[in-house]
1. Among the helices (runs of 4 or more DSSP H) contained in segment A:23-134, which hold 3 or more residues that are in the same structural domain as residue A:220 (by TED's automatic domain parsing), open to solvent by 20 Å² or more (accessible area, probe 1.4 Å) and of a type in the set (A, V, I, L, M)?
2. How many of the residues in segment B:52-80 are within 13 Å of another protein chain (Cβ to nearest Cβ) and touching a Lys or Arg at 6+ places or on another chain (Cβ under 8 Å)?
3. Any residue at all in segment B:42-51 that's at the interface with chain A (Cβ under 8 Å from one of its Cβ atoms) and modelled with pLDDT of 95 or more?
4. What about residue A:412, is it away from chain B (no Cβ under 14 Å) and open to solvent by 70 Å² or more (accessible area, probe 1.4 Å)?
5. Select from segment A:366-388 the residues that are on the phi > 0 side of the Ramachandran plot and either within 7 Å of chain B (Cβ to nearest Cβ) or open to solvent by 30 Å² or more (accessible area, probe 1.4 Å) (or both) and list them in ascending order.
6. For residue B:26, which of the numbered conditions (1) more than 23 Å from residue A:392 (Cα to Cα); (2) more than 9 Å from chain A (Cβ to nearest Cβ) fails to hold?
7. Do we find a residue being open to solvent by less than 70 Å² (accessible area, probe 1.4 Å), assigned to a strand (DSSP E or B) and within 29 Å of residue A:370 (Cα to Cα) anywhere in segment B:56-68?
8. Which one of these is in contact with a strand residue (DSSP E or B) (Cβ under 9 Å, 6 or more places away or on another chain), modelled with pLDDT of 75 or more and open to solvent by 20 Å² or more (accessible area, probe 1.4 Å): A:201, A:214?
Amino acid sequence: MPLPRNRPVSKIRNKSTFYLLVLSSGIITSFYVVLDDVVNLELIKDPFIFGAFEMVVGFVVSLLFVAFLHIPFRKKEVGKRRLNLGYLFDRNFQRLKFPRGKVGIYTLLAGIFASGSTILYFYLLKENGSAVIMPFSQFVLIYLLIGEAIADKEKPVIVEIQSIAMIAIGVIIASLSTGTGTLDLNSLLINIALIMGPFSLFSACYIFFQKKALTTKNDQGRLYDTINLRMWTMVIIMISQCIAAIPSLIRGGFTEVATNWKTALTPVIFSMLFVFIAIVFSTRALTMGKMSIVRALSSVSVIVTIPLTLIVGIWIPTISGIGGENLSTTLILKIAGSLLILVGVIALALSETRSILLAKVKQGEEIRIEELTKIKGVTDVSFITGTYDLLINVKIRSIGKLYSMTENSIAKLAWITDVTTHHIMKEYE
Amino acid sequence: MSVSAYIFFEVELGKTRQVVDELRKIPNIVRVAIVTGEYDVIVRINVENLEELFHITTDRIHMIEGITDTQTAVIEKEEIQE
């Protein structure tokens with residue numbers, strides 16, 4: 001078990017790097033979405049062809065980047081492996097390799113769902129513009145929460161219901177557009193149905209299988225890495241995007257690409273590099289701090305997109321989502337909706353309570369540690385010396401849930417006895 | 001071979017803030033939690049070996065005013081989810 005790196009609690013430096021990483025990841029996200037929007041609006045108008053073009057370029061860019069990550073950077077070896085640049089981004093990365101077995105299946109499923117959401121992303125981007133797409137992307141949280149509640153067979157707690165309501169209403173408000181002066185109810189309904197239905201469901205399934213792939217060990221007991229996962233899902237997305245683009249290409253879309261591909265190439269390369277960097281930054285941040293904070297802070301992209309579209313709007317007034325006669329009304333709607341989403345996400349992310357449970361092991365009973373670690377909310381378990389035998393760190397949404405967890409899961413384990421709970425009132429990490 | 005340990009503290013009434021501030025100055029301490037229950041403060045410490053753990057606990061931690069009792073629990077094995 002590798003020991004966590006010494007991270008003194010009083011030092012500011014690490015903390016600021018962490019915040020910088022997460023916030024940059026969020027801001028970079030807004031940049032690539034707006035960049036996509038511009039290319040889509042000005043150069044390659046068909047969303048399917050644009051998607052396919054971007055994915056093909058993106059694949060090449062990412063492949064070159066990953067090749068660069070294979071460069072060894074230090075002669076030092078950890079165990080039998082030589083460290084390369086990729087190690088800086090993900091400690092599990094060794095080289096690009098084809099995923100096999102269970103991990104392979106999870107990657108394939110992640111790729112298929114990612115394809116679904118990416119194809120819809122390009123379609124929705126075309127229909128609504130970047131200022132609307134960003135709030136949409138937060139909607140997936142609602143599905144993840146509902147999925148969690150179903151898996152736990154638990155009623156959601158009040159903060160979860162509040163956040164779900166805030167995010168849902170925020171998305172609806174932010175997607176309203178009065179660009180033409182009147183509210184187009186039909187297209188609004190279609191959009192909401194698309195976001196609430198397939199787009200969010202696909203994204204939720206993508207996140208689920210991504211996590212599955214990253215947490216499943218292969219035959220040698222090694223974990224998969226984010227760089228490989230990103231590359232292989234990208235291959236699947238690229239293939240699906242190309243297939244989705246065939247009808248448009250047959251209908252004469254090919255000429256559009258043929259005339260504009262050179263101009264579109266630079267922004268698309270930048271966009272795909274931004275995507276890669278945003279993903280790498282947030283994954284890197286994940287290894288340094290709490291996941292909930294990473295998720296909450298990266299939702300800053302929802303807000304950043306608004307001024308960005310406004311700035312771009314000076315040159316390209318038609319950039320969708322914002323603009324038209326009722327600029328101020330649209331802006332107020334967008335800002336109000338985005339703020340609702342942001343507050344909803346942050347409230348949810350920061351509402352977790354943490355506890356430390358101390359327990360004794362019953363003599364003569366076989367210890368099955370995986371029974372403990374598989375319980376939802378248990379982050380880690382340590383065997384310790386002294387009065388108690390086990391220290392269990394728990395992260396859960398409410399004290400009520402902690403009660404049902406100890407009562408229904410931990411107390412039922414035959415080999416555990418005498419559990420005492422310490423709720424953390426304040427914590428420094 | 002590095003060693004990690006949890007240290008459980010009982011703290012004199014009204015001195016928690018002071019004790020926690022002092023504990024946070026020790027670079028090997030990676031986590032400080034103020035808790036409810038049997039103990040008042042729980043910290044996690046990473047050191048190179050038991051010798052270093054001994055030095056830090058006796059020379060630095062036990063010198064902090066306001067701590068009434070400590071219990072050090074060395075981690076023998078750790079299982080992390082995910």
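1. Values: elements: A:47-69, A:86-89, A:101-128.
Result: A:47-69, A:101-128.
2. Total meeting the criteria: 0.
3. Of all residues in segment B:42-51, those at the interface with chain A (Cβ under 8 Å from one of its Cβ atoms) come to B:42, B:46.
Narrowing the set further to residues that are modelled with pLDDT of 95 or more leaves B:42.
Yes, the conditions are met somewhere in segment B:42-51.
4. Numbers: away from chain B (no Cβ under 14 Å): yes; open to solvent by 70 Å² or more (accessible area, probe 1.4 Å): yes.
Yes; evaluated as a whole, the condition is true for this residue.
5. To start, the set of residues in segment A:366-388 that are on the phi > 0 side of the Ramachandran plot comprises A:377, A:386.
Within segment A:366-388, just A:386 meets the criteria.
6. (2)
7. Looking only at segment B:56-68, we keep the residues that are open to solvent by less than 70 Å² (accessible area, probe 1.4 Å), and these are B:56-58, B:61, B:64, B:66-67.
Imposing the further condition that a residue be assigned to a strand (DSSP E or B) reduces the set to B:67.
Retained after the next criterion (residues that are within 29 Å of residue A:370 (Cα to Cα)): none.
No, the conditions are met nowhere in segment B:56-68.
8. Numbers: A:201 fails: in contact with a strand residue (DSSP E or B) (Cβ under 9 Å, 6 or more places away or on another chain).
Of A:201, A:214, the one residue that is in contact with a strand residue (DSSP E or B) (Cβ under 9 Å, 6 or more places away or on another chain), modelled with pLDDT of 75 or more and open to solvent by 20 Å² or more (accessible area, probe 1.4 Å) is A:214.
The values are calculated or read from the model by the stated rules, or taken from the named source; none is laboratory data. This structure is a prediction, so every number in the text was calculated from the model and none was measured. Here the Cβ is made from the backbone with ideal geometry for all residues, glycine too, and neighbour counts use every protein chain on show. Just the protein is used for accessible areas: all its heavy atoms, side chains included, with ligands, DNA and RNA removed. Shrake-Rupley method; radii C 1.70, N 1.55, O 1.52, S 1.80 Å.
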